[in-house]
Every structure is written in C-alpha cells, then in structure tokens.
Amino acid sequence: MKAMVVNNFGDVDVFNHVDVPQPSVKTGHVLVNIKATSVNMVDTMIRQMGADLPLSPPAPAILGMDFAGIVEEVGEDVKHFKKGDEVYGCAGGLADLPGTLAEYIVADANLIALKPNNLSMREAAALPLVGITAYEGLQRAGIKPGQNVLVHGGSGGVGHVALQLARHSGANVFSTGGGDAQLALIEKLGATPINYRTESVESYVQTHTEGKGFDIVFDSVGGENMTNSFEAAALNGHVASTVSLVELDLSTAHFKGLSLHVVFMLIPMLHNHKREEHAKILNAIKEIVEAGQLKPVIDDSEFTLEQIGNAHERLESGKAMGKIVVTV
C-alpha cells in the first residue's frame with residue numbers, strides 16, 4: 001500500500017511517499033481502507049520532536065491519528081462491524097500504533113464507530129480526536145442546561161466542536177476569538193462572540209454574567225490563557241483544559257474553589273486503558289451529528305496524501321479555520 005513515512009523527525013519535508021506492506025487484520029481489530037484523515041496539533045508536535053516527545057512512535061513511522069474509511073476485513077472477536085461498514089475513529093499515529101497517512105490501517109474496534117450517515121468521509125475524518133476531547137471535557141465539567149459556558153478558541157479544531165456540544169447540552173455559550181473571520185464563525189455556530197483582543201476578561205465577565213463568572217470555562221488555547229480561564233470562572237466553577245503544559249500560580253483557582261479538569265484523550269491509545277470509552281463517545285457524537293446538532297468546520301484548503309507536508313504547514317501557520325483534512 002501507499003503510505004507517507006517519516007524516517008527522520010523535523011520540518012514539513014520529512015515525509016516520504018513509499019510502498020509499504022499492507023497490514024494484516026488481527027483479533028479485536030478491523031482492516032479499514034482509509035478515505036480521509038485530518039491533521040491535529042499533536043501530529044505536528046510528533047513530526048517536529050520525535051523521540052523528545054514521550055508519545056512519539058520510533059522511526060520509520062507512519063503518523064496521523066484521525067480517519068474515516070470502509071471496513072475491508074474483520075478480525076476475530078469483533079461483533080459490531082462487518083465488511084463494507086463506513087467507520088470513523090482515532091486509532092494510530094503514536095507509540096506502537098501505525099498511523100493513518102496510508103491507504104489502510106488495522107484499527108482496534110474499541111477505538112472506532114460507524115460514521116455519521118449525514119457526513120462525508122472528509123467531514124467524518126475531521127471529528128474523532130477533537131470530538132472526543134470536547135465531549136470528555138464538557139462531561140467531566142458536569143455540563144447542565146442553563147449554565148453559562150465560555151469556550152476559549154471557538155473557531156479552532158477542538159473549540160468549534162466544544163461550542164456546538166455545549167449548545168446541544170442546553171447551555172448559554174460564549175466564545176473568544178480574534179479577528180472578524182473567527183468571530184463570524186463563532187456567531188454562525190450559535191455562540192456569543194467575544195473579541196479577546198479588545199475586551200478584557202473583567203469586562204466580558206461583567207457584560208455576560210453580571211460579574212459572577214462562567215459556570216464552565218473550556219480552554220483550548222492554554223499557556224498564559226489559563227490564567228484568563230481562572231479569572232473568568234465563577235465561584236466553585238469548572239475549568240476544562242486540553243493544553244495545560246504550563247507552570248502558573250493556582251492562587252486564583254484556590255480562592256475561587258475551582259475544579260480543573262485536564263483532558264488528554266490519547267490515554268486509551270497510549271496505555272490500552274478503557275478504549276471502549278472512545279467507541280461510546282464516537283457513537284454518542286454520531287447521534288448528535290445525525291440530529292443536526294453538530295457539524296465539523298473544514299478549512300478551505302484541500303490536500304492529498306502526498307501533500308501532507310503542506311497540510312502540516314497550513315495548520316502551523318495559524319490561518320486555518322476549523323479542521324484541515326487530507327484525502328487519501
């Protein structure tokens with residue numbers, strides 16, 4: 001099969017388009033003919049850092065985590081899938097799991113689900129990693145109807161899904177963005193846009209919550225923005241973070257009695273720990289999508305498998321809106 005293989009980690013030109021043996025199906029897994037994959041920030045981090053990142057696969061490696069495709073073969077002990085099923089999931093591209101920048105993948109059946117019927121392969125490939133991340137973060141924060149929820153970075157990959165899932169849960173949703181295009185997308189997705197470049201945290205907390213703060217703050221930006229999340233949260237509120245690799249003073253969180261939920265959705269893949277939970281979440285997302293409550297936003301750029309370096313470059317530019325998808 002054709003695949004993009006990384007022999008040395010580094011810049012976007014490290015990918016090599018080569019022929020590699022097609023993998024064989026095994027117990028508890030399915031062989032999937034991949035039709036599309038998408039690029040996540042963690043993919044670019046692995047490509048750049050290699051062995052310096054603990055979750056990176058050894059070279060030579062096939063990167064890529066998300067995919068949508070068609071089941072070609074079913075292994076023993078697999079009960080919920082059959083040949084010809086259209087599926088989606090996040091099942092490779094790190095540690096000892098070969099990735100999705102290839103024509104086929106042997107995926108753990110606990111890491112995939114049937115594709116939403118009303119999404120194309122490209123749209124479905126955009127959802128798994130960001131969908132699971134957003135869903136888990138909001139559920140761990142205990143989201144309820146009527147709550148005020150703030151999503152930082154609502155035009156990004158995780159953020160634009162978190163925004164829609166929060167609305168699906170009956171929350172009043174607000175989201176930060178910068179620039180007219182980002183703010184317009186946030187409003188289009190049903191949230192109240194907040195321009196973080198022109199509005200201070202104190203100002204928008206006062207405007208939208210009468211100074212009380214948000215019940216849940218979903219932070220997909222991280223870094224110094226975590227301090228803003230603590231400041232924006234209500235007393236005894238919840239902050240869910242997908243990017244908490246930062247050293248900061250927790251005094252504000254302490255005096256507000258905040259709960260911090262760190263979401264690292266790769267744990268089931270890395271440690272073979274409760275992988276079936278990912279299948280459950282993907283099935284729940286499928287129902288939400290088919291009910292018309294969630295639709296992935298795809299960046300205008302289009303890339304083929306051979307152009308994966310350009311796709312990484314596009315994501316790293318910071319100019320993408322929504323998810324970057326690659327057709328296999």
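The values are calculated or read from the model by the stated rules, or taken from the named source; none is laboratory data. Since we're looking at a predicted model, the values are computed, not measured. As a convention, Cβ positions derive from the backbone with ideal geometry for all residues, glycine included, and neighbour counts pool all protein chains shown. Heavy atoms of the whole protein, side chains included, go into the accessibility calculation; ligands, DNA and RNA do not. Shrake-Rupley method; radii C 1.70, N 1.55, O 1.52, S 1.80 Å.
With no solvent and one point on each alpha carbon, what is the Debye value of log10 I(q)/I(0) for segment 103-242 at q = 0.13, 0.17, 0.20, 0.22 Å⁻¹?
-0.55, -0.88, -1.15, -1.37
Throw me the Rg/Rh for segment 1-65, computed over C-alpha atoms with Kirkwood Rh, two decimals.
Rounded to two decimals, Rg/Rh equals 0.98.
Can you list residues from other chains, or at least 5 along the same chain, whose modelled amide H is less than 5 Å from the amide H of Val262?
Residues meeting the amide H criterion: Ser241.
Express the Stokes-Einstein translational diffusion coefficient of segment 9-165 in µm² s⁻¹, to the nearest whole number, given a Kirkwood radius over alpha-carbon pairs, 10 °C and a viscosity of 1.306 mPa s.
95
Per the Debye formula with a single identical scatterer at each Cα and no solvent contribution, what log10 I(q)/I(0) holds for segment 203-274 at q = 0.12, 0.16, 0.17, 0.28 Å⁻¹?
-0.35, -0.57, -0.63, -1.25
Could you tell me whether segment 160-210 comes out rounded, prolate or oblate from its Cα gyration tensor? Rule is a ≥ b ≥ c as square roots of the eigenvalues, rounded for a/c under 1.5, then prolate if a/b exceeds b/c, otherwise oblate.
Numbers: a/c = 2.68, a/b = 1.23, b/c = 2.19.
Oblate.
Looking at this model, which pairs from Lys35/Lys323; Lys144/Lys323; Lys79/Lys286; Lys26/Lys79; Lys188/Lys212; Lys35/Lys79 are more than 21 angstrom apart at the alpha-carbon?
Lys144/Lys323; Lys188/Lys212; Lys35/Lys79
Output the DSSP H helices from the chain with an along-axis C-alpha extent of no less than 24 Å and a mean Kyte-Doolittle hydropathy no less than -1.0.
Correct list, ordered by number: empty.
Using a cut-off of 19 Å between alpha-carbon atoms, which aspartates and glutamates can reach Lys295, once sequence neighbours fewer than 8 places away in the same chain are excluded?
Hits, sequence-local ones excluded: Asp66, Glu86, Glu123, Glu136, Glu187, Glu287.
Based on the alpha-carbon gyration tensor of segment 221-328, what equivalent-ellipsoid semi-axes (square roots of 5 times the eigenvalues) come out, in whole Å, largest first?
Semi-axes, largest first: 31, 21, 16 Å.
Please give me the summed charge of the neighbours of Thr327: other residues whose Cβ is under 15 Å from its Cβ, Lys and Arg +1, Asp and Glu -1.
-2
Carbon-plus-sulfur fraction of the accessible area of the chain, 1.4 Å probe, in percent?
Percent of accessible area from carbon and sulfur atoms in the chain: 48.
Send over the semi-axes of the chain's equivalent ellipsoid, whole angstrom and largest first, taken as the square roots of 5 times the C-alpha gyration tensor eigenvalues. Show your work: numbers first, answer last.
Numbers: eigenvalues 231, 85, 66 Å².
That gives 34, 21, 18 Å for the three semi-axes.
How big is the Cα convex hull of segment 280-321 in projection, averaged over all directions, in nm²?
With the hull built on Cα positions only, its mean projection is 4.2 nm².
Would you mind telling me the antiparallel percentage of the DSSP bridges in the chain, rounded to 5?
Percent antiparallel among DSSP bridges in the chain is about 55.
Counting other C-beta atoms within 10 Å, and keeping those with at most 13, which DSSP coil GluC sites (Glu not before Pro) do you find in segment 53-112?
When the GluC sites (Glu not before Pro) of segment 53-112 are filtered for loop state and at most 13 Cβ neighbours within 10 Å, Glu76 remain.
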